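The values are calculated or read from the model by the stated rules, or taken from the named source; none is laboratory data. As the structure is a prediction and not an experimental result, all values here were calculated from the model. Using ideal geometry, Cβ is built from the backbone for each residue, glycine included, and neighbour counts are taken over all protein chains shown. All accessible areas refer to the heavy atoms of the entire protein, side chains included, with ligands and DNA or RNA removed. Shrake-Rupley method; radii C 1.70, N 1.55, O 1.52, S 1.80 Å.
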Amino acid sequence: MTASPTVLSALADGVLTLTLNRPDKLNSFNEDMHLAFREGIQRAHDDPAVRAVLLTGAGRGFCAGQDLGDRDPRKGGPAPDLGRTLETFYNPTLRLIRSLEKPVVCAVNGVAAGAGANIAFACDIVLAAKSAKFIQAFARIGLVPDAGGTWSLARTLGEPRAKALALTAEPLMAEKAADWGLIWKAVEDADLMTEAEALARSLAAGPTLGLGLTKRLIQQAATNSLDQQLDAERDCQQQAGRSADYAEGVTAFLEKRPARFSGK
Ligand code: LHQ
């Protein structure tokens with residue numbers, strides 16, 4: 001395992017595991033962690049050996065959002081430009097996660113607050129420990145949900161639940177988040193990493209090109225008309241149909257054996 005102090009990164013079986021690693025601060029983001037996290041996701045884009053990403057947190061929390069100690073208002077000085085923080089750090093990373101045409105699994109091992117919750121919601125398949133909770137903590141400190149939170153909550157839950165979560169900052173337990181369709185599932189705490197790792201490994205052994213195109217199509221669906229989406233499916237299927245993994249998948253089916261996908 002190679003270690004940056006704030007994000008641990010390990011590649012095995014095609015899975016790049018990124019572990020947010022500031023456990024004393026519940027893995028809240030300082031500048032170094034922002035850069036290390038972005039570097040990890042960028043590697044997933046650039047390195048063909050990476051065929052899936054698994055994101056999790058070290059210690060008892062997943063991520064408590066921005067490190068609030070970084071800009072202590074008691075120290076005085078001009079008000080910070082938080083828009084600039086978003087533009088410089090969060091927004092590029094969120095865009096990199098969404099545009100990565102490889103599956104991103106998130107294992108929420110504990111509390112996910114503020115931008116920490118919304119980064120989890122930007123991932124493709126989210127598993128959470130039953131003891132984990134999601135908190136739109138922004139209202140407690142006079143901010144608005146960021147890191148794509150207003151977008152993902154409103155789209156996934158609809159306005160009534162999105163507004164209630166964001167305006168009250170009430171914690172949402174993992175099982176309820178799963179019931180509401182905000183995450184894929186809540187699992188026993190002790191099983192979280194085994195399940196998430198098995199899922200990430202199986203996705204990494206899958207037809208990466210087809211999975212990447214599937215991710216793209218589903219993300220486009222909300223803003224496309226049915227006509228546009230049918231055209232997009234046609235184009236992606238044309239590409240998938242030319243892949244080595246399509247030939248392998250069909251051959252394996254006909255030969256009654258498991259497919260051995262190359263990701264191409
Ligand atoms: C923390 C943090 C934290 C520093 C726990 N920072 N130390 C974007 C643009 C730019 C700027 C602003 O923000 C954003 C996006 C955002 O994410 S804004 C939202 C920021 N996050 C929050 O408001 C959440 C703050 N944390 C909490 O409310 C609680 O810590 C939660 C509910 C997450 C967990 O509560 P507990 O389980 O009771 O743990 P704790 O509060 O005792 O925290 C443990 C330690 O972690 C503690 O340090 P200490 O030295 O006293 O043991 C906390 O100070 C530290 N910590 N979150 N965000």
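Below are the figures for this structure:
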read-out: Under 5 Å, built H, 5+ apart or other chain: amide partners of Lys133; value: Val111, Ala112
read-out: Max mean-square fluctuation residue, GNM over the chain, Cα-Cα springs under 10 Å, options Asp46, Asp24, Asp227; value: Asp227
read-out: 3J(HN,Hα) from dihedral phi, the range 257-264, Karplus parametrisation 6.51/-1.76/1.60, rounded to Hz, x for glycine, proline; value: 9, x, 6, 10, 7, 9, x, 10
read-out: Average accessible area per residue (Å²) across the range 2-204 - probe 1.4 Å, nucleic acids and ligands excluded; value: 47 Å²
read-out: Selected from Cys123, Cys106, Cys63 as most flexible by GNM, with the chain as the system and alpha-carbon contacts under 10 Å; value: Cys123
read-out: Global geometry of the range 2-204, whether rounded, prolate or oblate, following the gyration tensor of its Cα atoms and the 1.5 cut on a/c; value: oblate
read-out: HN-Hα J in Hz across the range 98-107 - Karplus 6.51, -1.76, 1.60, θ = phi - 60°, x for Gly and Pro; value: 5, 8, 5, 8, 9, x, 10, 9, 10, 10
read-out: Accessible-area composition of the range 58-137, carbon plus sulfur, in percent [1.4 Å probe]; value: 54 percent
read-out: Cross-link pairs Lys102/Lys163; Lys133/Lys163; Lys25/Lys130; Lys75/Lys163; Lys75/Lys133; Lys25/Lys75 - those with Cα-Cα distance over 25 Å; value: Lys102/Lys163; Lys75/Lys163; Lys75/Lys133
read-out: Percent carbon-and-sulfur accessible area, the range 185-264, ignoring ligands, DNA and RNA, probe 1.4 Å; value: 56 percent
read-out: 3J(HN,Hα) from dihedral phi, the range 241-249, Karplus parametrisation 6.51/-1.76/1.60, rounded to Hz, x for glycine, proline; value: x, 9, 7, 5, 6, 5, 4, 5, x
read-out: 10 Å Cβ shell holding at most 12 others, DSSP loop, GluC sites (Glu not before Pro): longest site-free stretch of the chain; value: 1-187
read-out: Mean residue ellipticity (222 nm) of the chain, computed from DSSP H runs ≥ 4 via -39,500 (n - 2.57), nearest 500; value: -13000 deg cm²/dmol
read-out: Contour minus Cα-Cα distance for Lys185 and Arg98 (0.36 nm per residue); value: 29.3 nm
read-out: GNM flexibility winner over the chain from Pro171, Pro78, Pro92 (Cα, springs under 10 Å); value: Pro78
read-out: Inter-label distance for Leu143 and Ser131, nm, one decimal - labels placed 7 Å from Cα along Cα-to-Cβ; value: 2.6 nm
read-out: FRET efficiency for Asp70 and Trp151, using Cβ-Cβ distance with R0 set to 25 Å, rounded to 0.05; value: 0.50
